[in-house]
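The values are calculated or read from the model by the stated rules, or taken from the named source; none is laboratory data. Predicted model only: the values in this text are computed from it and were never measured. Don't worry about glycine lacking a Cβ; one is built from the backbone with ideal geometry, like all the others, and counts go over all protein chains shown.
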């Protein structure tokens, strides 16, 4: 079992919602990610999502695309991201870490290192979950089973356009939590509509029995609080990238900490 389910269960028992910040690995400085992850945890993050840089990120808006491009210029790829997680684990063996990315870098990793090398190395580094944006659930049962046998969860996206059939397919193979995309379009495209989310979540929960996190369009404490009233977790990415993209290195962790502390307070009200 990964660290995700126990974390979610403990939060539920305490009547709290999970705060899941996202940052692109290797952004805005190649070596800052483990330090930034620790700062996020200190500020109240429950789970951390790390974006694996990729040249063609179809679900990401211009802000996260730009972050990924910058990380790629630093030479940050899948192997470097796993090394960052391992570095983080040297001081924190409790906080769940989820990698969010695309099929191409993962499959290239195996192509270069051998079958199932990514699963082996991710497990050894201390990864808890994998979200592969372009892996359809109907083709992932074997991959999901291999991840679970190595202590990791396979996490899927659901969207406002997801049919009941699609939700049921995801429910069959997902573990850890399901990530509901609160709006149509790419990351950062608009603000989340808490009312629309509240209407959709009962449909999802008819099939999905694990926690449901909501992301895309959550930019401030008020929106996070509204989403937190109906979801099990709140995911914030684009706003964090925007806050740090032009900051000097010494300001990055303090800026993210200050922002996440506000979100944590709003979720705990």
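Could you please let me know if residue 36 is in a helix (DSSP H, G or I), within 16 Å of residue 129 (Cβ to Cβ) and touching a residue at least 40 places away in the same chain (Cβ under 8 Å)? First the steps, then the outcome.
Working: in a helix (DSSP H, G or I): yes; within 16 Å of residue 129 (Cβ to Cβ): no; touching a residue at least 40 places away in the same chain (Cβ under 8 Å): yes.
For residue 36, the condition - in a helix (DSSP H, G or I), within 16 Å of residue 129 (Cβ to Cβ) and touching a residue at least 40 places away in the same chain (Cβ under 8 Å) - is not met.
Considering only residues that are under 27 Å from residue 65 (Cα atoms), out of contact with any helix residue (DSSP H, G or I) (no Cβ under 6 Å at 6 or more places or on another chain), at pLDDT 95 or above and not in a loop (DSSP other than H, G, I, E, B), which ones fall in the stretch 167-210?
Within the stretch 167-210, 178, 179, 180 meet the criteria.
Quick check: is even one residue across the stretch 125-138 farther than 15 Å from residue 174 by Cβ, part of a helix (DSSP H, G or I), in contact with a helix residue (DSSP H, G or I) (Cβ under 9 Å, 6 or more places away or on another chain) and modelled with pLDDT of 95 or more? Explain how you work it out, then say what you get.
In the first step, residues of the stretch 125-138 are kept if they are farther than 15 Å from residue 174 by Cβ; the result is 125-127, 134.
Those left that are additionally part of a helix (DSSP H, G or I): 125.
Narrowing the set further to residues that are in contact with a helix residue (DSSP H, G or I) (Cβ under 9 Å, 6 or more places away or on another chain) leaves 125.
Add one more test, that the residue is modelled with pLDDT of 95 or more, and what stays is 125.
Yes, some residue in the stretch 125-138 is farther than 15 Å from residue 174 by Cβ, part of a helix (DSSP H, G or I), in contact with a helix residue (DSSP H, G or I) (Cβ under 9 Å, 6 or more places away or on another chain) and modelled with pLDDT of 95 or more.
Being closer than 25 Å to residue 202 by Cα and in a helix (DSSP H, G or I) is the requirement here; does residue 231 meet it? Talk me through it step by step, then tell me what you get.
Working: closer than 25 Å to residue 202 by Cα: yes; in a helix (DSSP H, G or I): no.
For residue 231, the condition - closer than 25 Å to residue 202 by Cα and in a helix (DSSP H, G or I) - is not met.
Which of the residues that make up the stretch 46-66 are under 28 Å from residue 17 (Cα atoms), at pLDDT below 95 and within 15 Å of the chain's Cα centre (by Cα)?
59, 60, 64
So which residues in the stretch 1-16 are surrounded by 13 or more Cβ atoms within 10 Å (Cβ to Cβ) and out of contact with any strand residue (DSSP E or B) (no Cβ under 6 Å at 6 or more places or on another chain)? Quick ask: steps written out before the conclusion?
As a first pass, look at the stretch 1-16 and keep what is surrounded by 13 or more Cβ atoms within 10 Å (Cβ to Cβ): 2-5, 7-8, 11-12, 16.
Within the stretch 1-16, 3, 5, 7, 8, 12, 16 meet the criteria.
From the set of residues in the stretch 213-241 that are over 19 Å from residue 40 (Cα atoms) and in contact with a helix residue (DSSP H, G or I) (Cβ under 6 Å, 6 or more places away or on another chain), which is surrounded by the most Cβ atoms within 10 Å (Cβ to Cβ)?
Result: 227.
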